[in-house]
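The values are calculated or read from the model by the stated rules, or taken from the named source; none is laboratory data. Owing to the predicted nature of the structure, the values given are computational and were not obtained by experimental measurement. All Cβ positions, even for glycine, are placed from backbone atoms using ideal geometry, and neighbour counts span all protein chains on display.
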Amino acid sequence: MLAVRFRIPWGIFGLISALSCWGASFGTVVPINGTVSDIALDERRNVVWAANFSAYRIEQVYIPNQTLLAPLSVPMPPSAVALSPDHRFLVVGEYQKPDPELLSTNPFAPGTGGYTLFDLDAGLRYDVNLNSPVLAVAFGSDGNALILTRTPAVDPENPGPLTNLFVLQPFPYHTLTPIVSIPVQSVDLPVPLVRFPTQIGQATAGVSGDKNTIMMLAGALVDAAATSSTSILIRYDVPTQTATAEEFTQKPPPGPRSVSVDQTGSNVLVDWGLQHYLTDGGSYLLAEFPQANGAFEKGTHAWDLTRRQIYAQIPAPGDASVLHVMATDNLTVSKRLQLPEDLSGKSQMSSDGQAMYSASVSGVVILPIGQLPNLPQVGFSQDDTLFAADACNQLVLQQTLNIISLSSVNTDFSLSLPAGTTGVTLSATSGTTPAQVVVTIDPSAFQGARGTTSIPLTLTSNGAVNLPAPMRLLINTRDFNQHGQIVNIPGKLVDILTDQARSRLYILRQDQNVVLVYDAATLQRIAFLRTGNTPTQMAFSADQKYLLIGNDNSQIANVFDLDILQDAGPIVFPAGHYPRSFGVARSGIFALSRIVGDPPECAPTISGVATLDTVDLANRVAVTPCTLSAGESRSIYQNGFSTVDGVLTSTAGKDYLLLALVNGTVIEYDDSVQSWIASRKDLSGLGGAYAAFSRNVFLAGSNLFDAGLVPIGQPFPASDGASSGVGFLGGAGLRTTAPGASSPGVIQRINLSNHTEYNATLMAEAPMTASSLTTPPVGQIGESISPFTRTLAISPDQTKIFVLTTSGLTVLPSTFDAVLAKPVVSSVLNAADRSTLVALGGLVDINGTSLATGSFTAGAPPLPESLGDVCALVNNIPLPLFSVSPGLLKAQLPYIAGAASLVVHNSGGVSAPFSFSIQGQAPAIYQTNGVLQVIRDDDNEPVGFTNPIHPNTALTIYVTGLGLTSPLPPLGTAAPPSPPAVVATPPTVTLGGVSLAVTSSTLAPGQIGVYTIHATAPAKVQVAESAPLTVTAGGNSATYNVRVVSP
Amino acid sequence: MLKSLTCAAVMFAAAAGLANAQESQWEVGGIGGVGFSPNLTVKNATTSASASVRPGLTVGVYAGQNMYRYWSGEVNYLYRAGDLKLSGNGQSARFAAHTHLITGDFLAHFKPRGAHIRPFISFGGGIEVMEGTGRESFNQPLGNLAALTATREVLPVGEIGAGVKIQLANHLQLRVQARDYVSQAPHEVIAPAPGARLSGIRQDIIGTAAIALTW
């Protein structure tokens, strides 16, 4: 019945909302004169009750037309409002009683407050005074309201219980039952200007879907500035009528003042933290918003029990008024919606999940969640677009992007590139979805990079309500002596591991909070493993059965059973500890954790922002000993670090661990004594790659350390570039560096005996570094980039090297540094008769050695300017290539005449310049397998000894080297059939010294650089077994002998 | 070519002159028969093939005069159909061709003029015009040895033969004969490839029967 009654208004409401959203924002603002402190949704009456704190009234926001009906007045500023489940009773919590005296020196009595109970069905009201301001009100499944007041001040003259949590039973008898006293504080009235209810009462309530759990968030201190990090969280169990309270400290402060609860109360989103409650009453932080600013006055959230999503506005740097659609397990952002204004305080979902109602800075905002599929939304069909060019290729590259509607409604869009971007052209910069936009890349604009240039392509829309993420345009212009195959994997990839036993590759994608699992042999993705929020590092358990993942915004480390690729239950860390890095030894697991709040009590007192926690994997818990390790050989070193930026790693045998900190400190663990045994700080700073090669050689950044953690020799040269990754292969170390984000990467081996690096080899693109991983703020999507990076992994079969690079992944052979011979050019001959006379636009054979590593043939025109990792340049102009092989490149010369210098690039390097001369015209008749391509038109066969020329024989002669034509086709493209490309300076043809009638000379339609001459033999010919047939053009001629008979 | 024509003309004139010197009995007839040519050989440094004119129908006409008791002279024209053929190394090539034979011949009879049956032997000379008429091809098999060419070639030809004349009626005579026309190898129609050599004497052995009117 209820649903029927709501059907028509919802349809109207949806239409109105859709229209109102046509301003690139989602939701409708219902302005209210005053300041809203709390709301209650009344679905029976189609209204939202909004407590207007400063206007002493409860506003009725009529939902169907978003108008205000007659308000309910209350005697004190209404701080909270709640509606009974049967929609009959409305309870209004009231803050402090005003003194009506004009010149009162105590305009609001601190020890006052109260509530008004409205019986909406009966039209009755009951005003009740209390001895303290009411902060929060909520109804439970039993139909009673839980009322939280500020803890009353002690009255020496009238001492009594300081109870401040009550249960109000509205029916059949209006009774108020005290429950418990909880130390809760708030700010007295009056307050300075520009203060909002969430900064005054600082309390709010949330109710689980089954209404059996009521959560209340309140201030623990008198916090006039509303910036305190300490708050009280009250959990009230409705069936048992018991309450527990916990004081907690958060950095940043616990704002926004909003509480959202799931169906059963096992997961509660409090301010910016998602708390998971265990059956034993314990809890831990499942995830938190990565970039909350902790402000009390802005932001809100609501739990969509229907769709199992969370809608939240948590202000973050760089965000305007944005509603994030997030996952309920790890707060991964799946969508961002533009709000019309900031929300503030309480939000409530409708029972059918069709709408969300929020208190906002100017009143109430109605968000038609159920209408989202019908509201304009726009996006790219993919995250990245990779353009694979190379050092030579100047042919433009094109790819088509799909701009799609993320709903049933098409909408406008605009595309933009960063100011000053060159070399990128869009076929359209605006349009309507669905649309295809062709992106054209001029590789010459990126030739200086030699690596991959990443350019964000921004998508905006006037009509869409969502805020689409930009696409990365990745333009690679590698040279051929740069190794590796690029595999595009979008996202912020922060760690990589290979699983020897299962032949898998694990890549940690931080922006999506997942581990990407690939088959290491085929690179087929086989699984996603959802992590906590902002995962930072992976590690295998000592038995290789589990994968551990640390999260910078979760109090847990994920544990996955690798045999079944299933979640095996998290490791719960101490409150305020965020595990970021793991060191797995044979006998124990350690985690470097970022800590918020106070470190554990120890003697002497420890301090810092990070600790080394000891993990009990079996019981899935971690503890923080006062020393780096406990046990019989307790470490002599105190726990606690002044920096959170550090990393742990272990030797292959898991007998030694290295802990490196960004401040230059290195610490060593010896599993044989199960203790941290050495700590030094000989360097002012560390960062980049890290490894424990053996008990004698450790690496952090560009530094090697010996068994005592003393730096070995000089650091690797800074000219290598920023340190990125290391590995161990074939008895030697591997090291990758990045001279620049868009430059080639460098991989080289490390001799672990003499500690030198060798065989430096260029990679196709740069490996990721801490610098390149750091992007501009991305709001609550979040990122936490360690200065230490692990970007290199060896394939299980030891044949490949996986490197996290700009475009995702680069796969190198383990023989990446095999010596390849440099290309050598020995001659440039025309492709027709292999003579040295060559002409502009003509086809040539480039002969030499080591010109290519294999044989490759181009496909249909236009010809590529690189083929099989080979390219050739004449006077720096790349040549279109027909085919390449170790001894021969077949190519077309550019349209230039005169002195020319040819160089060939391939994976072996660049050849020495080869000088030759290009003629304006230099005719040469094609010979195919020794057969002269002079074709008798009457039999369409080549002229030859058995097919001689007769009197009046019409001939078609295929030649190269006739030079410019009109029109002149672009290099590497087929000649047009119509109009034909006519030779600018026609050739002459003679047979036995007698001129032939030349009827035409053109480029052969559909072919590249091949000309045809149509000529007819004279009526009288000199019979000869071998008569000279001569083609002359541009002062150059070519003569071939043919047989002539008569008749 | 010019040399061959001159030689043939001299032989024909000689034959005609002899005929005119005698009181004569004239013969004019039509000839039909079959020609057969032995193979020639074409070879280069590494391989060889046979070149031949395929057996073919031969037709022609002749006119003669019995100038003496035992001697007569006549002029013959024969059209000899016969494709060219190259074969060797498992390959072969055929090429349409024919030959015109124009000769002047002397006949020495073993029976005097007026005998009912007159065996004879003949000899003479003239020209042979060999003409290739097939479709040339760049890919002609055995092209490395010789090219069968669509061209015309004139060669001097000598002839010897034997036969018998049978007087069937007062003015009707049957002749049966076999003649061997001998010429040099045709180097234009069957052009040896560079480096190859066409060797041998071309022979055309033609067996015919003829019906002639005599008076």
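Of these, A:SER743, A:SER753, A:SER719, which one is more than 30 Å from the chain's Cα centre (by Cα) and not hydrophobic (A, V, I, L, M, F, W, C)? Exactly one of A:SER743, A:SER753, A:SER719 is more than 30 Å from the chain's Cα centre (by Cα) and not hydrophobic (A, V, I, L, M, F, W, C), namely A:SER753. Note on region B:69-92: residues that are within 30 Å of B:PHE120 (Cβ to Cβ) and without any contact (Cβ under 8 Å) to a residue 24 or more places away in the chain amount to 1.
To keep it simple, each residue is scored yes or no on (1) of a type in the set (D, E, K, R); (2) more than 30 Å from A:LYS822 (Cβ to Cβ); (3) touching a helix residue (DSSP H, G or I) at 6+ places or on another chain (Cβ under 9 Å).
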| residue | (1), (2), (3) |
| --- | --- |
| A:SER407 | no, yes, yes |
| A:VAL424 | no, yes, yes |
| A:THR433 | no, yes, no |
| A:GLY448 | no, no, no |
| A:ALA464 | no, yes, no |
| A:ILE475 | no, no, yes |
| A:PHE480 | no, no, no |
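When the criteria are applied in full, B:ASN139 fails the requirement of being under 21 Å from B:GLY90 (Cα atoms) and surrounded by 17 or more Cβ atoms within 10 Å (Cβ to Cβ).
For region B:170-210, the set of residues classified as in a loop (DSSP other than H, G, I, E, B), within 14 Å of chain A (Cβ to nearest Cβ) and among the aliphatic types (A, V, I, L, M) consists of B:VAL189, B:ALA193, B:ALA196, listed by residue number.
Let me confirm something: among A:THR973, A:THR985, which residue is away from every other protein chain (no Cβ under 13 Å) and in contact with a strand residue (DSSP E or B) (Cβ under 7 Å, 6 or more places away or on another chain)?
Being away from every other protein chain (no Cβ under 13 Å) and in contact with a strand residue (DSSP E or B) (Cβ under 7 Å, 6 or more places away or on another chain) holds for just one of A:THR973, A:THR985, which is A:THR985.
Each row is one residue, and each column tells you yes or no for (1) among the polar types (S, T, N, Q); (2) assigned to a strand (DSSP E or B); (3) touching a His at 6+ places or on another chain (Cβ under 9 Å).
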residue	(1), (2), (3)
B:ARG118	no, yes, yes
B:ILE121	no, yes, yes
B:MET130	no, yes, yes
B:GLY134	no, no, no
B:ILE160	no, yes, no
B:VAL164	no, yes, no
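Condition check: surrounded by fewer than 24 Cβ atoms within 10 Å (Cβ to Cβ) and either over 30 Å from A:SER675 (Cα atoms) or out of contact with any Ser or Thr (no Cβ under 6 Å at 6 or more places or on another chain) (or both). Does A:ALA557 satisfy that? For A:ALA557, the condition - surrounded by fewer than 24 Cβ atoms within 10 Å (Cβ to Cβ) and either over 30 Å from A:SER675 (Cα atoms) or out of contact with any Ser or Thr (no Cβ under 6 Å at 6 or more places or on another chain) (or both) - is not met.
Whether a residue is outside any strand (DSSP E or B) and in contact (Cβ under 8 Å) with a residue 60 or more places away in the chain was assessed, and A:ARG580 does not pass this test.
Listed conditions (1) more than 14 Å from chain B (Cβ to nearest Cβ); (2) surrounded by fewer than 20 Cβ atoms within 10 Å (Cβ to Cβ) are all met by A:ALA922, apart from (2).
Here is a yes/no grid of residues against (1) without any contact (Cβ under 8 Å) to a residue 12 or more places away in the chain; (2) more than 20 Å from the chain's Cα centre (by Cα); (3) more than 10 Å from chain A (Cβ to nearest Cβ):
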position: B:PHE106; (1), (2), (3): no, no, yes
position: B:HIS109; (1), (2), (3): no, yes, yes
position: B:PHE120; (1), (2), (3): no, no, yes
position: B:GLY124; (1), (2), (3): no, no, yes
position: B:PHE138; (1), (2), (3): yes, yes, no
position: B:PRO141; (1), (2), (3): no, yes, no
position: B:ARG152; (1), (2), (3): no, no, no
position: B:VAL157; (1), (2), (3): no, no, yes
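Within region A:1004-1014, at least one residue is over 60 Å from the mean Cα position of the chain (by Cα) and away from chain B (no Cβ under 14 Å). If you filter region B:159-168 down to residues that are surrounded by 20 or more Cβ atoms within 10 Å (Cβ to Cβ) and under 15 Å from B:SER183 (Cα atoms), you find that the one that is farthest from the other protein chains (Cβ to nearest Cβ) is B:GLY161.
Evaluating A:SER915 against the criteria (1) modelled with pLDDT of 90 or more; (2) polar (S, T, N, Q); (3) buried (at least 18 other Cβ atoms within 10 Å of the Cβ) leaves one unmet condition, (3).
Can A:TRP49 be described as modelled with pLDDT of 95 or more and buried (at least 19 other Cβ atoms within 10 Å of the Cβ)? Taking the combined requirement at face value, the residue satisfies it.
Looking across region A:207-262 at every residue that is surrounded by fewer than 16 Cβ atoms within 10 Å (Cβ to Cβ) and of a type in the set (S, T, N, Q), the one that is modelled with the lowest pLDDT is identified as A:THR227.
Does region A:612-632 hold any residues that are part of a loop (DSSP other than H, G, I, E, B) and of a type in the set (Gly, Ala, Ser), and which are they?
Let us first name the residues in region A:612-632 that are part of a loop (DSSP other than H, G, I, E, B), namely A:617-620, A:624-626, A:628-632.
Hits for region A:612-632 are A:ALA618, A:SER629, A:ALA630, A:GLY631.
Taken together, the residues in region A:351-373 that are touching a helix residue (DSSP H, G or I) at 6+ places or on another chain (Cβ under 9 Å), under 14 Å from A:TYR62 (Cα atoms) and not hydrophobic (A, V, I, L, M, F, W, C) amount to 0. Just so you know, in region A:158-176 the residues that are exposed (fewer than 13 other Cβ atoms within 10 Å of the Cβ) and among the polar types (S, T, N, Q) include one that is modelled with the lowest pLDDT, and it is A:ASN158. In region A:926-944 there is at least one residue matching the filter, namely being charged (D, E, K, R), surrounded by fewer than 22 Cβ atoms within 10 Å (Cβ to Cβ) and free of Cβ contacts under 8 Å to residues at least 12 places away in the same chain. Total residues in region A:603-655 satisfying the condition of being hydrophobic (A, V, I, L, M, F, W, C) and loosely packed, with under 15 Cβ neighbours inside 10 Å: the figure is 5. For region A:455-478, indicate whether the set of residues that are over 21 Å from the mean Cα position of the chain (by Cα) and part of a strand (DSSP E or B) is non-empty. Checking region A:455-478: at least one residue is over 21 Å from the mean Cα position of the chain (by Cα) and part of a strand (DSSP E or B).
Restricting attention to strands (runs of 3 or more DSSP E) lying wholly within region A:244-342, give those where 2 or more residues are acidic (Asp, Glu) and without any contact (Cβ under 8 Å) to a residue 12 or more places away in the chain. Give the derivation first.
Numbers: elements: A:259-261, A:267-270, A:273-277, A:283-288, A:300-304, A:309-313, A:322-327, A:333-338.
Result: empty, no element qualifies.
Residues in region A:936-949: is at least one in contact with a Pro (Cβ under 7 Å, 6 or more places away or on another chain) and either charged (D, E, K, R) or more than 9 Å from every other protein chain (Cβ to nearest Cβ) (or both)? Taking every residue of region A:936-949 in turn, none turns out to be in contact with a Pro (Cβ under 7 Å, 6 or more places away or on another chain) and either charged (D, E, K, R) or more than 9 Å from every other protein chain (Cβ to nearest Cβ) (or both). Looking only at residues of region A:1026-1045 that are among the β-branched types (Val, Ile, Thr) and within 20 Å of A:GLN921 (Cα to Cα), we find that the one that is nearest to the other protein chains (Cβ to nearest Cβ) is A:THR1039. Can you tell me which residues in region A:424-454 are assigned to a loop (DSSP other than H, G, I, E, B) and buried (at least 19 other Cβ atoms within 10 Å of the Cβ)? Matches in region A:424-454: A:THR433, A:ALA449, A:ARG450, A:GLY451.
Could you tell me whether region A:280-292 includes any residue that is aromatic (Phe, Trp, Tyr) and more than 25 Å from A:ALA80 (Cβ to Cβ)?
Yes, there is a match, as at least one residue in region A:280-292 is aromatic (Phe, Trp, Tyr) and more than 25 Å from A:ALA80 (Cβ to Cβ).
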